[in-house]
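Taking it in order: structure first as structure tokens, then the write-up.
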Amino acid sequence: MHSKTQMVFDNENKLSEDLSVFDKNYIPKTILHRDKEIHAIATALGMILRGFKATDCALYGLKGTGKTLISKYLMGELKKLTTCCRLFFFHLS
């Protein structure tokens, strides 16, 4: 029987080869359990695609709940869709 921790390691007791998941800039292809939050922020930022100034967003909450992840993900998606403006992401802690 394998524990979840043991599944992370391969047969030679090394960590999985894909160590990029531990990088602070890693953004998974699928973000789970944050659909409501993503939709709310995307709605505010989506004004840019219609030629309007985006609504300012201030995210707050407990550490490790996905604020930075969602912000980086949405900024990346927005950059793919438009070249009309400069986009900035500020992280304050």
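The values are calculated or read from the model by the stated rules, or taken from the named source; none is laboratory data. Quick caveat, the model's predicted, so the values are computed rather than measured. Heads up, the Cβs are rebuilt from the backbone with ideal geometry, glycines too, and the neighbour counts pull from every protein chain shown.
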_So if I check each of 68, 30, which one is modelled with pLDDT of 85 or more and touching a His at 6+ places or on another chain (Cβ under 7 Å)?_
68
*Which listed residue is under 17 Å from the mean Cα position of the chain (by Cα) and either at negative phi or modelled with pLDDT of 85 or more (or both), from 18, 35*: 35
*asked:* Cβ-Cβ under 9 Å, sequence separation 6+ or interchain: first residue in segment 58-72 and on the phi > 0 side of the Ramachandran plot and surrounded by 14 or more Cβ atoms within 10 Å (Cβ to Cβ), partner part of a loop (DSSP other than H, G, I, E, B) and hydrophobic (A, V, I, L, M, F, W, C). Which pairs?
replied: 66/31
*Could you list, in sequence order, all residues of segment 16-71 that are in a loop (DSSP other than H, G, I, E, B), of a type in the set (Val, Ile, Thr) and over 23 Å from residue 90 (Cβ atoms)?*
30
*asked:* Just to be sure before I move on: is residue 92 touching a strand residue (DSSP E or B) at 6+ places or on another chain (Cβ under 8 Å) and at pLDDT below 80 in the structure I sent?
replied: no
*Selection within segment 47-62 - in contact with a helix residue (DSSP H, G or I) (Cβ under 8 Å, 6 or more places away or on another chain) and closer than 17 Å to residue 82 by Cα*: 48, 49, 53, 54, 55
*Residue that is surrounded by the most Cβ atoms within 10 Å (Cβ to Cβ) [pool: residues in segment 73-93 that are of a type in the set (Ser, Thr, Tyr) and out of contact with any Leu (no Cβ under 7 Å at 6 or more places or on another chain)]*: 73
